[in-house]
Amino acid sequence: MYGYIGKILRVNLTSEKTKEENVGEDLLRKFIGGVGLAAKIIYDEVNPAISPFDPENKLVFMTGPLTGTLIPCTGRYVVCAKSPLTDAWGEAHSSGFWARELKRAGYDGIVIEGKSEKPSLLVIDDEDARIEDASHLWGKGCLETEEQIRKELGEAFRVACIGPAGERLVRFASIINDEGRAAGRCGMGAVMGSKNLKAIAVRGSKEVPIKEPERIRNVLRRIYPQIMSFPTTQIYASYGTSGELLSFYEYGDVPIKNFALGKWAEIEHISGETYNKVMVKAKRSCWNCPIACWRYVRVDEGPYAGLELKRGPEYETLTALGSLLLNNRLDVIVRANYLCNQYGLDTISTGVCIAFAMECYEKGIITEKDAGISLKWGDPEAILRLIEDIGERRGLGDILAEGVKRASAKIGGGSEKFAMHVKGLEMPMHDPRAFKGMGLQYAVSNRGACHLQGMVLRVEQGERVTDLKIYERLDRFEVRGKGSVVATVQNWHEVLESLIICKFLGIPPGHIPGLYTLVTGIHMTLEHSIEAGERIYNIKRMFNVRCGISRKDDTLPYRIMYEGLREGGTLGNRISPEELDMMLKEYYMVRGWDENGIPRTETLRRLGLQ
């Protein structure tokens, strides 16, 4: 095989046994790899009725056929399981160097099942896989865990691990690798913690086999100028993702005060320009990445002077721990990001849960006695204290650690009206009232509120993707036509997440199948890849259907549907229930699903899923 290794590692923590399993070419043609192969494994092997913390839930780490090859921006992996937040499909993505090392060790992926009796460490040294005692690491933060493992095993090892939040089953615990890269969403760190698996350390010495390396070099030389001249690529190279913060703010897209405000006078204090000037000391990149959106930051003044992060906050974190909380202090955001990395917490979900708590406090639903501290908007002490309380599952933090959906159900008092989630997954930092196609994308996303599985706002900003037959800009406040576009871009993003290639790399879709063919020797056309993406999206939906997901769950938070903003770039706009229903009807029709959002038999047969 080329591109692929053709093997995955099966690890049963209960029996402490590992075995290799070959992956056939037919399966790879249908599901490509990455998230597609992970979805197939989970659909076939995970009982949808079990608890996400049941030992029978499987945690699947997967690379793609492009991982570790000559193709730039291919240092990513995906980790999937039944999610503790949504009780349905869960996935999280991360970059860095860990994925390439796993591929070089001789595996396309790892399937973790069962539960260890005591804290454990999975060590993969080339094809030698063993389970070791990790009791001495239990309770340690992610950054110190990685440092200690590499000190014990060797600096050549790359580590993916959980922190105290994952150990305590915080439902939005993340998995951290490479000094702060995070597989953040959906609580995959909690699933890992439920299995008593502290970390996976990998080291490999093999080169990934490539079918046509010289032809790939020639293609990349030809398209490299086009890639690097892509507008968002230039922004990310200059400022990281924070470079778009102010432009998103002008659209009314940046969430402020738990999605309640459209303007904030302090926005400049956390902008990408200010952040890069004040905090950023160097740019770094993931494996084989020419963009280098990774920022090395250091706090030079104030109470946190001397604090360094080798991977500092980017757009989502700056917003979730900044404007969402009315916090205008970059040093506090960096400190909060550090705490989230140490505990192993998703910064998006953490920010949304803290914003929810602050609004409950403002409305008198919870008191200072309940919280153990005053929860005034923007208060640094309150923000940092709540992160620690969540990570430790202490006091109010124990309730918030369940995620905003469960927390609002427990706290009550009408708080469900400002609990910002879809299907239990906290909203990312793009207000769908600014881009109604994004609202539909959030509503129907398989993992809950997700801005990355489609990123349709790019089309609503004016991007034309002619390879995908998207020829014209759609008015961002219009609802007609959004169902078709959302389905199209979702299918394509499933392809990218199966290959796996970073979405920040602006390679036009038409080039991707040819690069895949040159890497693997398996002929792929654009039409074949899009069909594979549709197949992958539908198998995830079918897993969700088995978990009880249907039309009732394809919805948006009350605030988005009933409360328009009184100022800013999305003045007065909301996505009414009627508008959402209109978009859903079109979307279901395009998808070949029935009126309840369940794929029709003929759709499944066409895609080879039945």
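Worth a mention:
- Among the residues of region 552-560, not a single one is part of a helix (DSSP H, G or I), touching a residue at least 12 places away in the same chain (Cβ under 8 Å), out of contact with any Asp or Glu (no Cβ under 8 Å at 6 or more places or on another chain) and surrounded by fewer than 17 Cβ atoms within 10 Å (Cβ to Cβ).
- The condition (being at pLDDT 95 or above, surrounded by fewer than 24 Cβ atoms within 10 Å (Cβ to Cβ) and either within 25 Å of C360 (Cα to Cα) or in contact with a helix residue (DSSP H, G or I) (Cβ under 8 Å, 6 or more places away or on another chain) (or both)) is satisfied by just one residue among K423, K417: K417.
- Residues being in a loop (DSSP other than H, G, I, E, B), at pLDDT 95 or above and either under 21 Å from the mean Cα position of the chain (by Cα) or not assigned by TED's automatic domain parsing to the domain that holds K195 (or both) - total across region 47-71: 9
- Test: residue in region 349-360 that is in contact (Cβ under 8 Å) with a residue 24 or more places away in the chain, buried (at least 18 other Cβ atoms within 10 Å of the Cβ) and hydroxyl-bearing (S, T, Y): yes
- Residue count, region 474-493 (criterion: part of a helix (DSSP H, G or I) and farther than 17 Å from I560 by Cβ): 10
- Taken over region 1-26, the criterion of being surrounded by 12 or more Cβ atoms within 10 Å (Cβ to Cβ) and polar (S, T, N, Q) is satisfied by N12, T14, T18.
Yes/no matrix, rows are residues, columns are (1) part of a helix (DSSP H, G or I); (2) modelled with pLDDT under 95:
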{"residue": "K263", "(1), (2)": "no, no"}
{"residue": "E273", "(1), (2)": "yes, no"}
{"residue": "K277", "(1), (2)": "yes, no"}
{"residue": "K283", "(1), (2)": "no, yes"}
{"residue": "C289", "(1), (2)": "no, yes"}
{"residue": "V297", "(1), (2)": "no, no"}
{"residue": "A305", "(1), (2)": "no, no"}
{"residue": "P313", "(1), (2)": "no, no"}
{"residue": "L324", "(1), (2)": "yes, no"}
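- Residue match in region 32-46 (condition: within 15 Å of D108 (Cβ to Cβ) and surrounded by fewer than 24 Cβ atoms within 10 Å (Cβ to Cβ)): yes
- Screening the candidates E146, E152 for the property of being in a helix (DSSP H, G or I), crowded, with 21+ Cβ neighbours inside 10 Å and modelled with pLDDT of 95 or more yields one hit, E146.
- Those residues of region 440-491 which are surrounded by fewer than 23 Cβ atoms within 10 Å (Cβ to Cβ) and farther than 24 Å from C502 by Cβ, in sequence order: Y471, E472, R473, L474, D475, F477, E478, V479, R480, G481, G483, S484
- Taking region 1-45 as the range and being of a type outside the set (G, A, S), closer than 11 Å to I536 by Cα and touching a Gly at 6+ places or on another chain (Cβ under 8 Å) as the test, the residues that pass are K30, I32, L37.
- Candidates R185, R168 - the one that is basic (K, R), at pLDDT 95 or above, crowded, with 24+ Cβ neighbours inside 10 Å and under 25 Å from the mean Cα position of the chain (by Cα): R185
- Among the residues of region 519-545, those identified as surrounded by fewer than 23 Cβ atoms within 10 Å (Cβ to Cβ) and among the β-branched types (V, I, T) are I522, T525, I530, V545.
- Unique match (being out of contact with any Leu (no Cβ under 7 Å at 6 or more places or on another chain) and either closer than 27 Å to E214 by Cα or free of Cβ contacts under 8 Å to residues at least 12 places away in the same chain (or both)) among E586, E578: E578
- Flag if R100 is of a type outside the set (D, E) and under 30 Å from C293 (Cβ atoms): yes
- If you check I216, I235 for being over 18 Å from W377 (Cβ atoms) and either assigned to a loop (DSSP other than H, G, I, E, B) or at pLDDT below 95 (or both), only one passes: I235.
- I227 part of a helix (DSSP H, G or I), modelled with pLDDT under 95 and surrounded by fewer than 17 Cβ atoms within 10 Å (Cβ to Cβ): no
- Selection within region 415-441: residues that are part of a strand (DSSP E or B) and touching a Lys or Arg at 6+ places or on another chain (Cβ under 8 Å). The member of this set that is nearest to N573 (Cα to Cα) is H421.
- Test: residue in region 19-34 that is among the acidic types (D, E), in a loop (DSSP other than H, G, I, E, B) and either farther than 18 Å from E497 by Cα or not assigned by TED's automatic domain parsing to the domain that holds W89 (or both): no
Every residue, every condition in (1) in the same structural domain as V170 (by TED's automatic domain parsing); (2) modelled with pLDDT under 95; (3) in a helix (DSSP H, G or I); (4) of a type outside the set (G, A, S), yes or no:
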{"residue": "E359", "(1), (2), (3), (4)": "no, no, yes, yes"}
{"residue": "I373", "(1), (2), (3), (4)": "no, no, no, yes"}
{"residue": "K376", "(1), (2), (3), (4)": "no, no, no, yes"}
{"residue": "L386", "(1), (2), (3), (4)": "no, no, yes, yes"}
{"residue": "D398", "(1), (2), (3), (4)": "no, no, yes, yes"}
{"residue": "E402", "(1), (2), (3), (4)": "no, no, no, yes"}
{"residue": "A407", "(1), (2), (3), (4)": "no, no, yes, no"}
{"residue": "K410", "(1), (2), (3), (4)": "no, no, yes, yes"}
{"residue": "G413", "(1), (2), (3), (4)": "no, no, no, no"}
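- Out of G395, G462, G412, sole residue that is closer than 21 Å to F477 by Cβ and more than 23 Å from the chain's Cα centre (by Cα): G462
- Within region 63-104, considering residues that are among the aliphatic types (A, V, I, L, M) and within 14 Å of I175 (Cα to Cα), the one surrounded by the fewest Cβ atoms within 10 Å (Cβ to Cβ): A92
The values are calculated or read from the model by the stated rules, or taken from the named source; none is laboratory data. Just so you know, these numbers come straight off a predicted model, no measurement behind them. Every residue, glycine among them, receives a Cβ derived from its backbone with ideal geometry; neighbour counts consider all protein chains shown.
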